[in-house]
1. At 0.36 nm per residue, and after removing the present C-alpha to C-alpha distance, how many nm does the segment from residue 75 to residue 139 gain when stretched out fully?
2. Would you compute, from DSSP H runs of 4+ residues alone, the mean residue ellipticity of the chain at 222 nm, taking -39500 (n - 2.57) per run and dividing by the full residue count, rounded to the nearest 500?
3. Among 134, 84, 93, whose mean-square fluctuation peaks in a Gaussian network model of the chain (Cα, cutoff 10 Å)?
4. Select from 110, 81, 119 the residue whose mean-square fluctuation is largest in a Gaussian network model of the chain (Cα-Cα springs shorter than 10 Å).
5. Please work out the FRET efficiency for the pair residue 132 and residue 65, using the Cβ-Cβ distance as r and a Förster radius of 22 Å; give the result to the nearest 0.05.
6. What ranking do 74, 24 get, fewest neighbouring Cβ atoms within 10 angstrom at the top?
7. Kindly state, to the nearest 0.05, the FRET efficiency for residue 158 paired with residue 48, given R0 = 45 Å and r defined as their beta-carbon distance.
8. Taking the square root of 5 times each eigenvalue of the Cα gyration tensor, what semi-axes in Å does the equivalent ellipsoid of segment 1-110 have, largest first?
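Derivation of every value follows stated rules applied to the coordinates shown; laboratory data play no part. Remember, predicted model here, so these are calculated numbers, not experimental data. Note: ideal-geometry Cβ built from the backbone for every residue, glycine included; neighbour counts use all protein chains shown.
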Ligand SMILES: NC(=O)c1ccc[n+]([C@@H]2O[C@H](COP(=O)([O-])OP(=O)(O)OC[C@H]3O[C@@H](n4cnc5c(N)ncnc54)[C@H](OP(=O)(O)O)[C@@H]3O)[C@@H](O)[C@H]2O)c1
């Protein structure tokens, strides 16, 4: 049975992606959330719409939680067909939290935790599988403000970690 997983999908864009996959993807679709209560409430909402998403807890900042999902997917499906890396955070523009703390918190989730997910789940992706990384127009803007050298480095097709 093909299987799709969407990170951070109890609300917002992630929830909309799960809704669309439930309608278009022929396989099991997992709505995931760091908070089980919020996740199950979102599943119930989609069930009221006649859809049948499944639920699994996933906090991308918690390696143990990622590995539990990885082991579950391996055991139940022998891999993964579709991974949508959607979970992310953004401080409001007027948030008074000092910049260095905002930077650390944001990179922790949006970059390092997403990288942890990739390290753990990419080896499970089946042939012809798909991985979608939800990004932001902010990344293009930020890149445009970098030096030419740095831009070239980041745009390189042969970039390494
Ligand atoms: N909306 C925009 O205009 C916009 C623009 C550019 C990029 N994006 C990107 O699109 C994605 C979705 O954004 P959105 O607007 O739908 O945001 P949202 O409504 O704030 O939803 C974010 C989702 O990510 C979850 N999440 C946050 N940290 C998590 C973690 N450690 N583990 C698991 N889930 C976590 C949240 O769960 P909780 O409910 O538990 O907090 C929530 O379900 C993000 O990656 C964001 O950067 C959005």
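1. So the extension gain works out to 19.4 nm.
2. After summing the helix terms and dividing by the residues of the chain, the value is -13500 deg cm²/dmol.
3. Comparing 134, 84, 93 in the GNM, the peak value goes to 93.
4. Result for the chain, Cα springs under 10 Å: 119 fluctuates most.
5. Result of the calculation: an efficiency of 0.60.
6. Sorted ascending by nearby Cβ count, the order is 24, 74.
7. Numbers: r = 48 Å, r/R0 = 1.08.
Calculated value: 0.40.
8. Numbers: eigenvalues 143, 58, 25 Å².
Working through the eigenvalues yields semi-axes of 27, 17, 11 Å.
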